[in-house]
Amino acid sequence: MIQRIASLSLGLLLVSPASPADAPPAAATRVSLEQIMANPDWIGNAPERAYWSDDGRTVYYWQKRDGSPLRELYGVDVASDAVTKVADGDLGAVSAPGGAFNHARTFKVFVRDANVFVRNLTTGNLRQLTRDTTPKSRAMFMADGTHVQWHEGNNIYIYDLNSGFLALAADVRLEDDPAKAAGPQNYLQAEQLRLFDFLNRQKTNKEALRQQQASQAAADSTRVPAPWYLGDQLTIARSSLSPNGRWLVLVTEPRDHQKGAPGMMPSYITGSGYADILKRHTYVGLNPPAPQAVQVLDLKTHSAFPLDSAQLPGITIDPLVALRKSAVEWDMKHGISRKLAEDSVKAPAIRPVTVMNLEWSDDGSNLGVEYRAMDNKDRWIATVDFAKKSLLTQSRLTDPAWINWTFNQFGWLPDNRTLWYLSEASGYSQLYLKSLTDRQPRQLTRGAFEVSDPILTRDGRYFYVVANVTAPGTYEIYRVDTASSKLQAVTSLGGLNGPQQSSLEKDYKGYALSPDESSLLLYHSSSLRPPEVYVVAARPDGAAKQLTHTVAGAFTAIDWVAPQIVQLPSTHVREPIYARLYLPQNYDPAKSWPAVVFIHGAGYLQDAHGGWSYYFHELRFHTFLAQHGYLVLDMDYRGSAGYGRAWRTAIYRQMGHPEVQDIEDGVHWLEQNWHADPKRLGVYGGSYGGFMTYMMMFRRPELFAAGAALRPVGDWADYNDEYTSDILNRPNLDPEAYYISSPINYAGQLKHRLLIMQGMEDGNVFFIDTVHMVQKLIELRNPDFEVMFYPTERHDFKDPAAWLDEYRRIWRLFNTYVSPPSSRNANSG
């Protein structure tokens, strides 16, 4: 049995074995759960990790085989559209993804299979620089174009392309300098030195020999430079060598930092028959990241200096003073002594920081360091004055809620003196320039829209950015003139345009300028069509050409219900709430209709857009519901991405409160405008959507007749630090925020039917969260819930059988408690 993968412009048919058990039934007028929850290979496997060939004539992409996790490489000739599958034996001959070019763009260095290669782009000759099994990364040319550097762990090696000579940039040792012997440590040791001149002569001779060897090594360039001793109290988190080879920057952490006990997760389905205990993330507040510091090593003079984060503006001002006070009061009310309470929230004299990014100018003369306060309230971009050994702050972004996880990219213009960066300072992510000689930055883009994913041309004249200028749910590519700030649309395809949304590799995510910068490679999708690879002329209103055609006919043959992007009025804020609305094809305003609200996950995610949704299983399920007479609403509640800083941070210290208000507004809008029956309403969602399903069922217990909470968070104290501490601070500082934001504290208000489902190997939201909620509901003696668990599933389900079982149960829940057949009559849908 064979299954079609892609129909290409040359009529080439690609085939591969399909799994009979996972093959969907033939498309029918009505879709079935068995069909829409089958192995998604039947949709057609979308192109992954697309990238340009070195000459720009071919675009390569990976594609998953049907019925297999294996990927295969394909190449598309940009001029002729001819598609060729690259044989495994030919992988080494084609252009490699990622890598870096010299300034003349005549050579490219890249890492493949843990080794470093250089390709001559004029002759095509390939030169292998290493051949071993040690992993390597970040290969790049030095500023002189004749040397290449790469990383092996935190060690950096430099290779001379002319001589073939390989050298370690610096021998950094995490131990004390043996030459700096400590003095006597006790009375007995001191007595030996006082009594015996032999020991003193031995010590003097040893020091003289060390000094002679150091002097000889310094005068002889063929010798290995002297080691650098950082002591045994540090670990190295990151290293970076300047392009000119003079400066080595090390990001360090305290060796004794306590990471906290990891969460323990049993795995029950194992080859041994015994349960395995897996270690996963620790809980919020118990594993804050280690504070970081930066050391600069001058490889020319063999001297070093630290970058003093105390020079960052505002670093000594505690933004959590009021919370520390209220936390002590909260703790004392709950039986904790004042001393213990005050000790747990004691403020540091200097706020600890982590280092987000290090960026060198092309010539290595300037370094940008991006710091983030560990209390999540500040981000600084600073440059280094190497002569004065100090930091110069170029940008400070302060947010009383939290600094966004995204929109933190920065870099340098080709002049080596001007920084570019993204910032939410205006309330929306915008692009800025900051010259080292100017006091103030220059804002390149401005407006009530989000700018992301900047690509700078080599001459520094233009940026290409992704932005939702015309509508929050439409992302096009724009060109920004760095001199005039003029913003011009490059694409007008609608939907989503830009990087691959779930890119597996940061170095090649399917969004890049061609080698000659005349074209732009990108992914485009619409609400009913998965992402495909396009090439667009890199100019305003550039012509677009689709290169891949991977969607299967079995999918396109189905009349899927296309969601409408609608704006709902809010009763709490001035801005509208954007949503996807799915309607039955036979919708009649004279009738009342059952309705389901789907709540997207992640919290900070956008689903009311014109592109292919991350929730493609749910998109198909919504067609199924619409075909059975349901209205479906999918809202970008407050906290969602795409609508600016104020919308994002509305949930600060109160998760599950603004969102409840928005969803309640959405339900009433459905009732008033689309004749949704108030007695026939259901709700469901996964992850953050599962958390919100809890909150709707507990905090608005009369609103929905039934709800399905999938992989839900029940208590935010059980979640990780990186995400939760941004929005709710940490539990010791803000216990009240955790209390009011955790559904388990409202479980006693449940009145209608609740279905809870989760994978037992979920390493994101631990299964113990569901165990705790179930125990709470049992203790409350509430019979209105049921639970289903999946022994081998993680946060994102993989097994089609598990997907099918899950959605059969959701459908049974709605068909039983929301709109049972007995509730329907001539006046209802």
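Entry note, the chain: relative contact order of 10 percent, from Cα contacts under 8 Å with a spacing of 6+ residues. In the context of the full set of protein chains, the chain has a per residue accessible area of 44 Å² (1.4 Å probe).
Axis angle, to the nearest 10 degrees, between helix 658-674 and the longest C-alpha principal axis of the chain: 30 degrees. Compared with the dominant Cα axis of the chain, that is its longest principal axis, helix 767-779 is turned about 50°. Normalising the average separation of contacting C-alpha pairs (under 8 angstrom, six or more residues apart) by the number of residues puts the relative contact order of the range 533-690 at 27 percent. The Cβ shell under 13 Å around R700 holds other residues with a net charge of -3, Lys and Arg each +1, Asp and Glu each -1. Counted over the chain with a bin width of 20 Å, the fraction of Cα pairs per bin, in whole percents, is 13, 41, 35, 9, 2, 0. Only lysine pairs 8 or more places apart or on separate chains count here, and in the range 217-348 those with Cα atoms under 24 Å apart total 6.
Count charges around P400 for me, please; just the other residues with Cβ under 12 Å from its Cβ, Lys/Arg as +1, Asp/Glu as -1. Spelling it out: positives minus negatives among the neighbours equals 0. Near R580: Cβ cut-off under 11 Å, other residues only, Lys/Arg at +1 and Asp/Glu at -1. The net charge is -4. The angle between the Cα long axis of helix 800-813 and the longest principal axis of the Cα atoms of the chain comes to about 50 degrees, rounded to the nearest 10.
Rounded to a whole number, what % of the accessible area of the chain do carbon and sulfur atoms account for, probe 1.4 Å?
Solvent-exposed carbon and sulfur of the chain make up 52 percent of the total.
Note down the relative contact order for the range 51-210 as a percent, whole number, built from C-alpha pairs under 8 angstrom at least six residues apart. RCO, the range 51-210: 10 percent.
Prolate is the label for the range 586-697, because a/c, from the alpha-carbon gyration tensor with a ≥ b ≥ c as root eigenvalues, is 1.5 or above and a/b exceeds b/c.
The values are calculated or read from the model by the stated rules, or taken from the named source; none is laboratory data. Predicted model only: the values in this text are computed from it and were never measured. Backbone-built Cβ (ideal geometry, glycine too); neighbour counts: all protein chains shown. Heavy atoms of the whole protein, side chains included, go into the accessibility calculation; ligands, DNA and RNA do not. Shrake-Rupley method; radii C 1.70, N 1.55, O 1.52, S 1.80 Å.
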